[in-house]
Amino acid sequence: MSTPASTQNQQPTHTPVGLIAFAWALVGVPLAYGLYNTVKAASALFGG
Amino acid sequence: MAVPSFLARERIVARPGFNRWLIPPAALAVHLCIGQAYATSVYKTALVEHFDSSLTSIGIIFSIAIVMLGLSAAVFGTWVDKNGPRAAMFTSAVFWVSGFLVGSLGIYTEQLWLLYFGYGVLGGIGLGIGYISPVSTLIKWFPDRPGLATGMAIMGFGGGALIASPLSRQLMNFYDPGYDGTAGTVPSGNSVALLFLTLAVVYLVFMMFGAFIIRVPAADWRPDGFDPASVKSKSLVTTENVSANNAIKTPQFWLLWTVLFCNVTAGIGILEQAAPMIQDFFRENGGSAVAAATAAGFVGLLSLFNMGGRFVWSSTSDYIGRKPIYMVYLGVGIVLYVILATLGSTATWIFVITAAIIISFYGGGFATVPAYLRDLFGTYQVGAIHGRLLTAWAAAGVAGPLIVNGVLDSRGTPGELVAGDYRPALFIMVGLLAVGFIANLLIKPVAEKWWEPKTTDAPTAAAAPERSTVR
């Protein structure tokens, strides 16, 4: 198995906050859509 | 088998200062897509009518996909560990999307075998590789919280179905306005073919996004304030490494295989039968007190607990330990199954709460197992070991429905069954959980003879990573 290298002698980096926010939004928005629809369906269970 | 350089593990080694919170969405981007596998019931009836076939013939598509998931995870696990998560996610995307494209062609040309080959075989390979692809990477990025990390990703697999079900209904309605998603209307076969094409494009974009933002940590990287010695102090947790080939020679692997098999089989027993089960439990004088819409709501509630359990229980295992949490899944599971079998038909709330907690344990069992493997065998080839362990899932996917359907077939006709008809199946599940509980109790630390030599990670320091734009 080839394994990752050491961090020694490497220039530090900075991950843009915008990229992290975009990545989380990209997965979070569809998940929220799915959750909303499922909760709506599940509410029939308590609606009598 | 070499991979193109842009996919190589060496190209995605993160530089110092990289923010590890970019990794969970990369993993979720893959798992949310492949989780669609649990939403196949949305177009099942449409395919039965389109192919003028039976439910069993169409149900085989899902069975092939799950069996291929287990087989491909076991066969390609070592390849995934060797070549890294980007190559694995990329390959998974290619297979998963090809599965939809070939499946779409099969539906359009009315050739069922193409659907078996496309969604079942090709898609199933994509499922297996995709399922294990981000797991070992997450464990390495979150050595302080491996349960939380794997819980987040594997929660995505449960979440994928929550997204795909309503999205598929809306898309089929768009392609076939005659279908409005209510009971009694069935979408046309061509609308399912177009749905497959659309999903292929959407999933390709999402999975490639995940593949190209994923990074692996350098060997000497540690989270701020994390002391590896603190991990070693917990019982059953090793700082040693065991290879995948050696892991399957240990009793710990097979005991954990048994634990997973029993936990999954018991959960599938309820999941597979959820909608008719709640109606049958409250059947009086031939009719059920539970309406079809309420039963569908129950299925939705179980999906939420399945997904939530993956995150909540797996995260909890970081605090109470992996062995104790499985004692909860299996031990409390036994009590809950007994309650379900004996008191489940006395009140709807007892039935619903009991079943929901059981399903949360089912999801939790899936999400916690990679962290359990990491505790026992180290991080060296945990992805490959996880892949081999998933054969337990494939076996449970066959055993669970066989047990439940076998018992119910012997007790009566669907639509006329009552709570008592389920009791033999539920007590079989109690027995299975007891077997799993004992297997979990027997798990001890892995013997020293299976440990890899200390030089295993030596090439790590020597390799010089190339640069990539986003680190």
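Name every residue in the range B:315-353 that is within 22 Å of B:Leu442 (Cβ to Cβ) and not β-branched (Val, Ile, Thr), in order of residue number. Answer for the range B:315-353, where residues must be within 22 Å of B:Leu442 (Cβ to Cβ) and not β-branched (Val, Ile, Thr): B:Ser317, B:Gly321, B:Arg322, B:Lys323, B:Pro324, B:Tyr326, B:Met327, B:Tyr329, B:Leu330, B:Gly331, B:Gly333, B:Tyr337.
Looking at the range B:81-180, the helices (runs of 4 or more DSSP H) lying wholly inside it that each contain 3 or more residues that are in contact (Cβ under 8 Å) with a residue 12 or more places away in the chain and more than 14 Å from chain A (Cβ to nearest Cβ) sit at B:85-108, B:112-115, B:123-132, B:146-175. Checking B:Ser63, B:Ser72, B:Ser41 one by one, the residue that is under 18 Å from the mean Cα position of the chain (by Cα) and within 14 Å of chain A (Cβ to nearest Cβ) is B:Ser41 and no other.
Answer yes or no: is there a residue in the range B:6-14 that is within 14 Å of chain A (Cβ to nearest Cβ), more than 23 Å from the chain's Cα centre (by Cα) and open to solvent by 50 Å² or more (accessible area, probe 1.4 Å). Looking for residues that are within 14 Å of chain A (Cβ to nearest Cβ), more than 23 Å from the chain's Cα centre (by Cα) and open to solvent by 50 Å² or more (accessible area, probe 1.4 Å), one finds at least one in the range B:6-14, hence yes.
Okay, residues lined up against (1) away from chain A (no Cβ under 14 Å); (2) at pLDDT 90 or above; (3) touching a Cys at 6+ places or on another chain (Cβ under 9 Å):
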site	(1), (2), (3)
B:Val231	yes, no, no
B:Thr238	yes, no, no
B:Val242	no, yes, no
B:Met277	no, no, no
B:Asp280	yes, no, no
B:Thr294	no, no, no
B:Gly300	no, no, no
B:Asn306	no, yes, no
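Here B:Val398, B:Val382 are screened, and the one residue that is touching a residue at least 12 places away in the same chain (Cβ under 8 Å) and within 16 Å of the chain's Cα centre (by Cα) is B:Val398.
To keep it simple, each residue is scored yes or no on (1) modelled with pLDDT under 90; (2) small (Gly, Ala, Ser); (3) buried (at least 24 other Cβ atoms within 10 Å of the Cβ).
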position	(1), (2), (3)
B:Pro143	yes, no, no
B:Ala149	yes, yes, yes
B:Gly158	yes, yes, yes
B:Ala161	yes, yes, no
B:Ala164	no, yes, yes
B:Leu167	no, no, no
B:Gln170	no, no, no
B:Asp176	no, no, no
B:Tyr179	yes, no, no
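For the range B:420-427, the condition of being open to solvent by 70 Å² or more (accessible area, probe 1.4 Å), modelled with pLDDT of 85 or more and under 17 Å from B:Ala341 (Cβ atoms) holds for at least one residue.
Here B:Leu417 meets the list (1) open to solvent by less than 20 Å² (accessible area, probe 1.4 Å); (2) over 30 Å from B:Trp451 (Cβ atoms); (3) part of a helix (DSSP H, G or I) almost entirely, failing just condition (3).
The values are calculated or read from the model by the stated rules, or taken from the named source; none is laboratory data. Owing to the predicted nature of the structure, the values given are computational and were not obtained by experimental measurement. Cβ coordinates were reconstructed from backbone atoms using ideal geometry, including for glycine residues, and neighbour counts include every protein chain displayed. Remember, those area values only see protein heavy atoms, side chains included, never the ligands or the DNA or RNA. Shrake-Rupley method; radii C 1.70, N 1.55, O 1.52, S 1.80 Å.
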